[in-house]
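Peer 1: I have a structure here, written as structure tokens, and I will follow up with some questions on it.
The values are calculated or read from the model by the stated rules, or taken from the named source; none is laboratory data. Just so we're clear, the structure is a prediction, and the values are computed from it rather than from any experiment. Neighbour counts are summed over all protein chains in view; Cβ atoms, including those assigned to glycine, are modelled from backbone coordinates with ideal geometry.
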Amino acid sequence: MEQNLSQDLTREEVAKIAGMSAGHFSRVIKETTDKTFSEILTGYRVARASQLLVRTNKSLGQIALECGFTDQSYFSRVFRKSKNSTPNEYPKQHIIARQ
């Protein structure tokens, strides 16, 4: 999942790759992580966006697309909910050397 964040990943596609039915996959994920597939995928996407915001000068639109968010406004809402910071504020709060 982490390597294909920019793609439109569905639970059904990932379950198929894992060799499971979508329902069984969902149960295994929930039992193992106590999170849903969507929560895990969103977590990966927000984590990747966090890295890009701090380490690159890419625009919010570019970062949103690269992390699988097709709507920049939705990306900003999800990011803020997860990180308690807007994507614009986040790099200022987490200054590290840009690569």
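Peer 1: Give the residue that is nearest to ASN4 (Cα to Cα), with candidates limited to residues of segment 63-99 that are of a type in the set (S, T, N, Q) and touching a Leu at 6+ places or on another chain (Cβ under 8 Å).
Peer 2: Applying the filter and picking the extreme gives GLN72.
Peer 1: Right, another one. Out of all the residues in segment 1-16, which are free of Cβ contacts under 8 Å to residues at least 12 places away in the same chain and in a helix (DSSP H, G or I)?
Peer 2: Residues satisfying the conditions are GLN3, ASN4, GLU12, GLU13, ALA15, LYS16.
Peer 1: Here's another thing I want to ask about it. Tell me, yes or no, whether segment 65-87 has at least one residue that is part of a loop (DSSP other than H, G, I, E, B), surrounded by fewer than 14 Cβ atoms within 10 Å (Cβ to Cβ) and more than 16 Å from the chain's Cα centre (by Cα).
Peer 2: No.
Peer 1: Can you find, within segment 31-61, the residue that is farthest from the chain's Cα centre (by Cα) among those that are free of Cβ contacts under 8 Å to residues at least 24 places away in the same chain and assigned to a helix (DSSP H, G or I)?
Peer 2: Our first condition is that a residue be free of Cβ contacts under 8 Å to residues at least 24 places away in the same chain; within segment 31-61, this holds for 31-36, 39, 47, 51-52, 58-59, 61.
Narrowing the set further to residues that are assigned to a helix (DSSP H, G or I) leaves 31-33, 39, 47, 51-52, 61.
Working: GLU31: 21, THR32: 19, THR33: 16, GLU39: 9, ALA47: 6, GLN51: 11, LEU52: 12, GLY61: 14 Å.
Within segment 31-61, the match that is farthest from the chain's Cα centre (by Cα) is GLU31.
Peer 1: Which of the residues spanning segment 17-30 are part of a helix (DSSP H, G or I) and modelled with pLDDT of 95 or more?
Peer 2: Correct list: ALA22, GLY23, HIS24, PHE25, SER26, ARG27, VAL28, ILE29, LYS30.
Peer 1: Now, a different point. Do we have THR10 as surrounded by 14 or more Cβ atoms within 10 Å (Cβ to Cβ), under 17 Å from the mean Cα position of the chain (by Cα) and under 25 Å from LEU65 (Cβ atoms) here?
Peer 2: no
Peer 1: Right, next: Do you know which residues across segment 75-94 are within 14 Å of GLY43 (Cα to Cα) and out of contact with any helix residue (DSSP H, G or I) (no Cβ under 8 Å at 6 or more places or on another chain)?
Peer 2: Result: ARG77, ARG80, LYS81, ASN84.
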